[in-house]
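Q: Below is a structure I'd like to ask you about.
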Amino acid sequence: MTISVAPLAVQLHDAQRNAEAIPQLPDGISIDEAYAIQHAVLDQRFAAGERLVGTKLGFTSRAKMAQMGVSDIIVGQLTDAMRVEDGGEVRLSTLVHPRVEPEIVFRLGRDVDPTDPLADIVSAVDAVAPAVEVIDSRYRDFKFNLADVIADNTSGGMFAIGGWLPVGDIGNRAVRLSVDGRDAQFGSTAAILGHPYRALRQLVGIAAKQGFPLRAGHVILAGAATAAVPFGPSVVRVEVAGLGSVTVRGVA
Ligand code: OOG
Ligand code: MG
């Protein structure tokens, strides 16, 4: 099937800007076509002055795959406009039906060429931090298939990053998401493909195939270790044992 990338990308971009849900895309869109749509969605954000600041992995834990019914690893893009300060506010009216999930985030200290067969992304990481991701599908009822969610920048919404630390042993750290001080989700960084470094290594192959640059200073969300929960007016906090915490406040 040949699809028209541009009109679908305009639909998705408008849905994001207007915080209005749209139906799922037509059936039969391939994975490569879905990434082409995602690139065209992001091109509209770049044309409006936003800057690429990193990438995000999705469906790197069983909890997320089971919650959303999708079991392939996906990659989306992060822009400066999506970033919220630690402790900052997110205006809920700018989003369709936001959810929050706990993440850990890596920062690259140097460029990585994903097309280089010897590329070693783990050694390029210079810091790690806890993060909270606000995801927001542009599709009605938060329902999508693999191609839909890739085209929709993998439900990318907003994200906040806690204090950066040098990378230590991050293979099995307790992860906790709380809402207004009440526990909402518990997990471990080990839920991320057994070790978050595996997520980073998966990113390299997808970045090579789908044309994502991996540059010094970029941040990489490794994918949520637990299921996501609805984000209403509340204070959401993510704690990762040994890495500290990060909070965002949802406001009406
Ligand atoms: C897609 C985004 C998945 C993750 O961390 O697994 C994701 C979604 O769940 O809507 O960000
Ligand atoms: Mg995520």
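The values are calculated or read from the model by the stated rules, or taken from the named source; none is laboratory data. The model shown is predicted, which means the values in this text are computed figures rather than measured ones. Reconstructed Cβ throughout: ideal geometry from the backbone, glycine too, with neighbour counts over all protein chains shown. Accessible surface areas use protein heavy atoms only, side chains included; no ligands, DNA or RNA. Shrake-Rupley method; radii C 1.70, N 1.55, O 1.52, S 1.80 Å.
Q: Does region 114-135 include one or more residues that are more than 15 Å from Ser245 (Cα to Cα), touching a helix residue (DSSP H, G or I) at 6+ places or on another chain (Cβ under 6 Å), within 14 Å of ligand 2 (Cβ to nearest atom) and at pLDDT 95 or above?
A: For region 114-135, residues more than 15 Å from Ser245 (Cα to Cα), touching a helix residue (DSSP H, G or I) at 6+ places or on another chain (Cβ under 6 Å), within 14 Å of ligand 2 (Cβ to nearest atom) and at pLDDT 95 or above: present.
Q: Tell me the strands (runs of 3 or more DSSP E) entirely within region 139-210 that contain at least 1 residues that are open to solvent by 50 Å² or more (accessible area, probe 1.4 Å) and not acidic (Asp, Glu).
A: By residue number, 174-179, 182-188.
Q: Just to be sure I understand, how many residues within region 69-87 are surrounded by 14 or more Cβ atoms within 10 Å (Cβ to Cβ) and over 14 Å from the mean Cα position of the chain (by Cα)?
A: Of the residues in that region, 2 qualify.
Q: Just one of Leu57, Leu92, Leu25 is away from ligand 2 (no atom under 16 Å from the Cβ), closer than 19 Å to Val246 by Cβ and surrounded by 13 or more Cβ atoms within 10 Å (Cβ to Cβ); which is it?
A: Leu92
Q: Hey, could you check region 2-19 for residues that are out of contact with any helix residue (DSSP H, G or I) (no Cβ under 8 Å at 6 or more places or on another chain) and outside any helix (DSSP H, G or I) and say which is least open to solvent (accessible area, probe 1.4 Å)?
A: Ser4
Q: How do the pairs read when you match residues in region 168-183 that are farther than 16 Å from Val134 by Cα with residues anywhere that are loosely packed, with under 10 Cβ neighbours inside 10 Å, using Cβ under 6 Å and keeping only pairs 6 or more apart or on different chains?
A: none
Q: While we're looking at this one, here's another question. Given the condition away from ligand 1 (no atom under 11 Å from the Cβ), open to solvent by 10 Å² or more (accessible area, probe 1.4 Å), over 30 Å from Arg91 (Cα atoms) and not hydroxyl-bearing (Ser, Thr, Tyr), answer yes or no: does some residue in region 124-133 qualify?
A: Yes: one or more hits.
Q: Moving to a separate point now. Of all residues in region 41-74, count the ones that are farther than 18 Å from Leu146 by Cβ and either touching a residue at least 60 places away in the same chain (Cβ under 8 Å) or assigned to a helix (DSSP H, G or I) (or both).
A: Within region 41-74, residues that are farther than 18 Å from Leu146 by Cβ and either touching a residue at least 60 places away in the same chain (Cβ under 8 Å) or assigned to a helix (DSSP H, G or I) (or both) number 9.
Q: List the number of the failed condition for Ala151; all other conditions in (1) in contact with a helix residue (DSSP H, G or I) (Cβ under 9 Å, 6 or more places away or on another chain); (2) more than 16 Å from ligand 2 (Cβ to nearest atom); (3) more than 21 Å from Arg51 (Cα to Cα) hold.
A: Result: Ala151 fails condition (3) only.
Q: For region 216-234, enumerate the residues that are part of a loop (DSSP other than H, G, I, E, B), within 13 Å of ligand 2 (Cβ to nearest atom) and over 18 Å from Arg201 (Cα atoms).
A: Result: Thr226, Ala227, Ala228, Phe231.
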